1. Can you give the helix-only mean residue ellipticity at 222 nm for chain B, where every DSSP H stretch with n ≥ 4 adds -39500 (n - 2.57) and the sum goes over all residues, rounded to the nearest 500 deg cm²/dmol?
2. In chain B, if the dipole is taken from +1 on Lys/Arg beta carbons and -1 on Asp/Glu beta carbons about the Cα centre, which of B:W98, B:A58, B:A238 is farthest to the positive end?
3. How much of the DSSP bridge set in the protein assembly as shown is antiparallel, in percent, rounded to the nearest 5?
4. Pairs of alpha-carbon atoms within less than 8 angstrom and 6+ residues apart define the contacts here; what relative contact order does chain A have, in percent?
5. Work from the charge dipole of the protein assembly as shown (Cβ charges, +1 for Lys and Arg, -1 for Asp and Glu, about the Cα centre) and give the residue of B:V229, B:A121, A:G230 farthest towards its positive end.
6. Determine the sum of side-chain charges near A:L249: Lys and Arg each +1, Asp and Glu each -1, restricted to other residues whose C-beta is under 12 angstrom from that of A:L249.
7. Taking each full run of DSSP H in chain A as one helix, which ones are at least 27 Å long along their axis (Cα atoms) and have mean Kyte-Doolittle hydropathy of at least 1.0?
8. Report relative contact order for chain B in percent, whole number only (criteria: Cα-Cα under 8 Å, sequence separation at least 6).
Amino acid sequence: MSQQPLAGRDEAVDNAAVAPLSNPRRLLDNPRVLGWGSVALFLVVWEVSARIAGVSPLYLPRPTHIVVALIELFRDGGLTIDLAVTLYRIFAGFGLALVAGTLLGVWIATSWRVQAVADMFIAALYPLPKITLIPLLIIWLGTGGPFMLTISFLGAIFPIVINTVLGVQQCEPGLVLAARDLGATQQQIVRRVLIPSAIPAIFAGVRLGLGVSIILVVAAEMVVGKLGLGARLYLSGQILETEQVFAVLIVLAILGIIVSKGQDAIDVWLGRWRTG
Amino acid sequence: MSASEVAIEFKDVGLTFPSAAGDAVVALDNVRCRFAPGKVTAIIGPSGCGKSTLLQIARGFLAPTRGSLRFFEISNAAGTVPRPAMSIVWQEFNLFPWLTVMENVTFGLELRGVPRAERDARAHKAISAVDLSGFESKYPRQLSGGMKQRVGIARALVMEPDVLLLDEPFGALDAQTRLVLQEQLASLVETSGTTAILVTHSIDEALLLADTIIVMTARPGRIAEEIDVALPRPRSMATTHDPNYAVLFDRIYGLLRDEVMRAMVIESGGQS
Ligand SMILES: Nc1ncnc2c1ncn2[C@@H]1O[C@H](COP(=O)(O)OP(=O)(O)OP(=O)(O)O)[C@@H](O)[C@H]1O
Ligand SMILES: [Mg+2]
């Protein structure tokens with residue numbers, strides 16, 4: 001079995017678990033080892049070269065110092081609150097956009113009149129970088145909670161609406177007929193056939209929308225916030241606390257990883273009935 | 001159940017599909033026929049002659065542009081009953097891919113508000129009637145074509161329809177699977193005594209399953225002839241050796257060949 005040159009992925013994982021030292025080459029066949037290993041190598045090279053070259057920590061702090069700064073920020077620097085505030089802003093606006101966007105998308109897809117009206121607005125607003133709306137929204141809403149909610153909502157809703165419309169329109173007409181034959185009312189057809197069949201498409205919209213929401217909330221926090229990861233990032237930069245800047249970036253990067261892996265998992269779960 | 005009391009009559013039904021380009025399609029013209037209660041009626045005819053349209057009219061999904069439908073109670077031929085309950089088995093199966101076999105079969109019962117315990121009991125019965133016990137929690141993509149259509153049949157049967165409508169139910173299956181399912185359906189129909197309308201392209205399928213065969217003309221579809229199938233039941237593949245079988249087959253084939261030729265002329269004329 002170990003002779004096979006084209007060992008499958010599972011087999012490689014087994015080997016890595018069973019005999020990690022006896023066959024180090026096998027380790028490189030494991031994508032997880034490869035991924036984390038390269039990150040670790042990168043950090044070691046960074047640490048060592050920064051130490052040898054004596055780069056000023058103002059420009060490029062060492063990874064070990066960044067980790068220390070990160071721990072301190074969480075312990076007594078209030079980063080926990082910043083993180084919580086930012087997450088709340090992102091997901092409150094995004095949650096509203098998910099509900100409103102799905103309903104609006106279904107409505108547009110099932111009524112040509114609504115579609116005719118919505119088409120123009122979507123065509124005008126979708127390509128507009130939402131970040132350009134920040135000044136106007138500040139004039140209207142101030143810089144408090146409603147502003148943050150709105151900016152996050154606006155970031156997520158367009159991709160969700162557009163993908164929902166596509167998903168509903170791509171529903172097999174035969175399935176609608178079959179549901180009608182089994183006694184479904186118009187409303188039941190929407191809830192029991194159109195929306196379920198559009199879920200993969202809706203989720204593609206969710207992926208895009210949540211990404212935009214994260215970007216917009218952090219950017220808005222950098223512009224106006226006193227709290228939140230974006231504000232912390234900006235303030236740390238202002239006072240040249242480079243280690244803190246890196247620490248916040250790491251938190252954002254980890255947030256990104258968690259969100260993206262979580263979405264992958266949901267995708268697999270939602271797609272369990274699909275081919276592939 | 002009023003399954004054995006209901007029949008449908010088409011009274012000079014015509015249907016014209018309007019078209020934006022101006023050349024409307026006359027799909028059905030002057031169709032006059034009767035679907036007897038407790039009997040299987042097969043409809044056979046050239047492609048595009050309006051068989052599916054006829055089925056959709058019976059189901060109430062399309063309204064005839066001329067003529068009308070009547071639904072009879074056989075015990076009281078003068079009194080019409082409300083449209084009998086009908087369920088369709090589709091050529092393309094049309095199973096909901098995000099639902100399991102069990103959930104597909106209980107879909108209609110759930111919409112109807114049947115309590116869960118009864119729903120499950122009826123679904124299990126229907127699933128075992130089509131020999132799919134053990135596959136309840138599979139998704140459609142995990143099933144072969146023949147199994148998918150058995151789910152389609154179970155999903156229709158579980159509704160206990162007065163009339164079962166089958167639109168080329170085995171058209172998308174390979175020849176061997178089709179033979180097996182035809183035999184299974186024949187025995188299912190014989191034991192349940194259901195009223196069924198079966199649209200098919202296969203003379204063998206019609207002879208195996210039907211009590212009456214309606215042969216339709218090329219478009220616009222009319223009734224060319226109604227033929228009683230006086231073959232003994234229960235029928236199976238062995239029925240094909242019955243001397244009457246060959247006689248009926250030849251008669252239907254003769255009618256169909258003429259109509260298919262005409263359909264080909266119409267189609268090539270339409271293209272030029
Ligand atoms: N919605 C529609 N609009 C316009 N024309 C239609 C429509 N549906 C069907 N037709 C036309 O009406 C005619 C009859 O169609 P129908 O589907 O009933 O035929 P069929 O006998 O079921 O054919 P097949 O054997 O190929 O399934 C065909 O010429 C078809 O092109
Ligand atoms: Mg058809």
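1. -12000 deg cm²/dmol
2. After comparing all options, I get B:W98.
3. 50
4. About 22 percent, as a whole number.
5. Projecting each Cα onto the dipole axis, the largest value belongs to A:G230.
6. 0
7. Qualifying helices, which must be both long enough and hydrophobic enough, are A:31-53, A:79-110, A:145-169, A:195-224, A:242-270.
8. It comes to 26 percent, rounded to a whole number.
The values are calculated or read from the model by the stated rules, or taken from the named source; none is laboratory data. Here the structure is a predicted model, which means the values were calculated and not measured. Quick reminder, even Gly has a Cβ in these numbers, built from the backbone with ideal geometry, and neighbours come from all protein chains shown. Accessible surface is based on the protein model in full, side chains and every heavy atom, while ligands, DNA and RNA are left aside. Shrake-Rupley method; radii C 1.70, N 1.55, O 1.52, S 1.80 Å.
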